[in-house]
Amino acid sequence: MAPVGTLEVQRTVEAVWRIESARLIAGLTRMVHDVGLAEELAQDALVAALEQWPESGVPDNPGAWLMAIAKRRAIDQFRRRETLERKVTELGRDLETQEGPSAEPDFDALDSSISDDLLRLVFISCHPVLSTEARVALTLRLLGGLTTGEIGRAFLVPEPTIAQRIVRAKKTLAQKKIPFEVPDASELGERLSSVLEVVYLVFNEGYSATGGDDWMRPGLCEDAMRLGRMLAELVPAEREVHGLVALMEIQSSRARARLGPSGEPVLLFDQDRARWDQLLIRRGLTALARAEALPGEAGPYELQAAIAACHARARTPEDTDWARIAARYARLVQLVPSPVIELNRAVALSMAFGPEIGLEIVDGLNEEPSLKNYHLLPSVRGDLLAKLDRHAEAREEFSRAAELTRNERERALLLARAEESAAAAR
């Protein structure tokens, strides 16, 4: 190993951390039974790498180096406390099998335990005992390798707030004595739903940002897809996991076409489909096929992926099988009754059978309390009214939608549509 420059080392350490941090924290949590302490030990190893690698060079296996350093720090802590002698003995015996921090591990022997540890970390990070906000922050921190600053910027939340959420989450897990284990069969369904919800929330915030100046935050989409792919490898027999991966891959394929030259939103019908990422589409369709090949019925994520696949397979907007999409939404409403899904079904029905049918459904949602401040309700209504040449009414709906959205790019788009409707009404 040859010494390298400090800046190059910093970049290398950042890359290694993104790749290795989840496995490192997962393995340490199994050893010390405390996710907070495990992260501290991992961070100590990271600092050691920043201090030593400029002189010693980057080791051949940086992940094994970091784990060895972290284990030694763990032993030091246990010895200082003069407790947990059994753990000291176990950790010491483990370290005796390695010649030094750069020793190559036996990956064939470790693959199974690493996967088990990662799966345990996934379930503890997304434990239902934590609030949704805490689960998202902790998952991105422990499994995504993001700093508190990166998480805060992604969700437009001050960094101290994110840090507090993570600290409180760790304390809650410790106080509730949440075991570091994969839930048994009776709990698996509910716990897995919590995990998928977190990944889905992260992806959606990246795909359609709820606030701020950017229409999309691609970094969050990439983090969510990475988590989803990891989960698909850890629990390959779970149909909804592959459904969620398929949904994210196919939706992400449109990313380049969803933004104009200045970052402005480009709606689905106006997108240049030649810019859709065909590799992501193929990956998404493969994941969807994996889901459909597994026993059981399609769940909400798989159904949404099937809808996205209808768009991906259409060469032009006119080629889209809207009747099939409407049928998928009808099934989705049965599984997950939701006025938002019903709104999407109205759009599909309007495309398949005319705007009058869609408008009738949308008008029935006007009094729905949960949609009172949902900007897409007046946006969809405005679009349907415009298609029916009721332009004055459409302008009012687009203006109202612009008032409700918290995303500046979307507000500009809606105001532009309001102006177009006003001009058409004259």
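Tabulated values for the structure
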{"read-out": "Positive dipole terminus of the chain, leading residue within ALA327, ALA312, ALA48 (C-beta point charges)", "value": "ALA327"}
{"read-out": "Selected from ALA74, ALA15, ALA246 as most flexible by GNM, with the chain as the system and alpha-carbon contacts under 10 Å", "value": "ALA15"}
{"read-out": "Where the Cα pairs of the range 261-342 fall when distances are cut into 5 Å bins, in %", "value": "3, 13, 20, 21, 20, 14, 6, 2, 0, 0"}
{"read-out": "Per-peptide average of other Cβ atoms within 10 Å, ordering 342-355, 136-149 highest first", "value": "136-149, 342-355"}
{"read-out": "For the range 1-62 and the range 365-426, distance of Cα centres in Å", "value": "50 Å"}
{"read-out": "Unit charges on C-beta of K, R, D, E only; dipole of the range 317-426, Debye", "value": "260 debye"}
{"read-out": "Quarter of Cα convex hull surface for the chain, i.e. mean projection, nm²", "value": "23.6 nm²"}
{"read-out": "Positive-end residue, the range 242-288 charge dipole about Cα centroid, Cβ charges, pick of SER253, THR286, LEU268", "value": "THR286"}
{"read-out": "Relative frequency of Cα-Cα separations exceeding 19 Å in the range 213-310, percent", "value": "42 percent"}
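Taken together, the values in this text are just the output of simple stated rules run on the coordinates, not laboratory data. Just so you know, these numbers come straight off a predicted model, no measurement behind them. Glycine also receives a Cβ, built like all others from the backbone with ideal geometry; neighbour counts cover every protein chain displayed.
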